[in-house]
Amino acid sequence: MSNFEPFIPLSNLEQKFEAWRVRIGLVLAPVVFFAVLWMPWSASAPVASAPSASEGAASTLAALKPEAHRLAAIMTTVVLLWVTEALPMPVTALLGAAACVLLRVAEPKEVFSPFADQLMFLFIGSFILARGIFLHGLDRRLAFGVMSWSWVGARPGRILFAFGAVTAFISAWISNTATTAMMLAIGVSILRFLFESPETQGKIDRRYATGLALMTSFSASIGGLATPIGTPPNVIGLRFIRDSLGVEIPFLNWMLIGVPVVIVLYLFLFAYLNFFCPAGMKELPGSRELLQRNRAELGPWTRGQISTVIAFGTTVLLWVFPGIVALIWGETSSTYEAVRKSLPEGVAAILGAVLLFLLPGKPGENAIGWKEAAQIDWGVVLLYGGGFALGELSNKTGLADAVGRGMATWLPVSGEFGLLLGGTLVAALVSEATSNTASANIVVLLVIKMAQAAGVDPVAPALGATFGASLGFMLPVSTPCNAIVYGTGYVPLTRMIRYGLLLDVVGVGVIVVMIQLLLPLIRS
């Protein structure tokens, strides 16, 4: 999770679209804000019970308290600004929090307290660790190390499989965007060698380039589902589940669902990309030598790399330690309860990050200094803080409950399975139009409230929406990963839409099935 943001080239048409999207957001934002604010929705007291289907959402919204009514205007405007990106997303999140104080939705202390939540420090600690991994080149060492294995050899199918597997694994621990940028540089060097080498020039099917580029983006997005820190929507969903439902999902328990989801989705991704994007050759002469040469250029392990591995390994051990204690002593034991309260994920991440400042790096230096650590993406931290604040206020004012009951009236889904399927699908669709982070902030809490209004256990639907928010494979604007690979010119838009739609549909199915099968096991 470094702050590295690669340049994403846009075509003239895309540049015009982005410009108009920003203009539309700037014009519509104040219009939408005042339209919602002036609607006659406020009442002196909230409705005690859910409305009937005939009454619909209008009667639900008509019962909003004044604070919830004002918050509805703020949140609608924030969502619009997030979708259009008329302002930087962290700025929009901060603006939303400030507007809550300005319009007296809540006291300043209550509005800004989510910025000090322990999960915020999970982000900060994880970002610093990822910064150390990036600075010392551990990601490249892992990538070239695996790609140069003798098993991979010069077979294009095996190269594609190993390339995607490494990408997914790295993405489970550092940001999807940074992983895509780093791995794409390796992939492009392989493709350039293949297209320019006398042995393969004119013999390689161009579809293989499309497959390798899409493998970079899609496997990075899939890999982020494996761990709670793999992608921002995971942490956002976990916080909503914890605060709204009082349900803690430890690091290891998340992985018991996330890892199988990643494995199944990745195997499907490889199977269809390998089928639809063949290289046209059984072996690629010279590719193995290229990878081994790149690996040799990395040189021997440095002290900084060893120190970073120690710090990162210690952090992972601390993350999974409460789960190990639960397996041995049980989740109802006093030992597990003491460990869980003393060692939340945020504290473990901070302890691991501090190790980087203590362990050696270059001669006379530590593995990381504050100057390097301060270059993490603070904008992302602020974005989550603002999103958490709005989510918590929507809970406390009754806005989320009112909207959830209204949506339960509108949508033709019922029961835990129906809401699980519907929540996962809606989150995936929203992520096609806006960022995965915004999708999680918008959808997860609403799904929880819908489930509560319908009288079913909200945990499974909320998890489905959390996982679903990380889908969105069809368009270059769906994720930065897609935009990066689209900018190479190797990926025609029609193929991204076609292959991305297939992965979206299968992804929703895999998430729903895995949650249905595995959630009862980790909650038993």
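Rule-based calculations on the coordinates, nothing more; no lab input. As the structure is a prediction and not an experimental result, all values here were calculated from the model. We place every Cβ from the backbone using ideal geometry, glycine too, and count neighbours over all the protein chains shown.
Observations on the model:
- Partner lysines for LYS282 [C-alpha distance under 17 Å; skip if fewer than 8 residues away on the same chain]: LYS203
- Straight-distance crosslink candidates among lysines, where the alpha carbon sits under 25 Å from LYS362 and sequence neighbours closer than 8 are dropped: LYS371
- Long pairs among LYS65/LYS449; LYS65/LYS341; LYS109/LYS341, criterion Cα-Cα beyond 29 Å: LYS65/LYS341
- Total formal charge among the other residues, if their Cβ is under 15 angstrom from that of THR77, Lys/Arg +1 and Asp/Glu -1: 0
- By the beta-carbon count within 10 Å of each Cβ, the least crowded to most crowded order of GLU289, GLU432, GLU392, fewest first, is GLU289, GLU432, GLU392.
- Spherically averaged projected area in nm², based on the convex hull that wraps the Cα atoms of segment 418-474: 3.2 nm²
- Each of VAL485, VAL31 was scored by other Cβ atoms within 10 Å of its Cβ. Arranged with the fewest first, they read VAL31, VAL485.
- Ranking of THR466, THR227 by neighbouring Cβ atoms within 10 Å, starting from the fewest: THR227, THR466.
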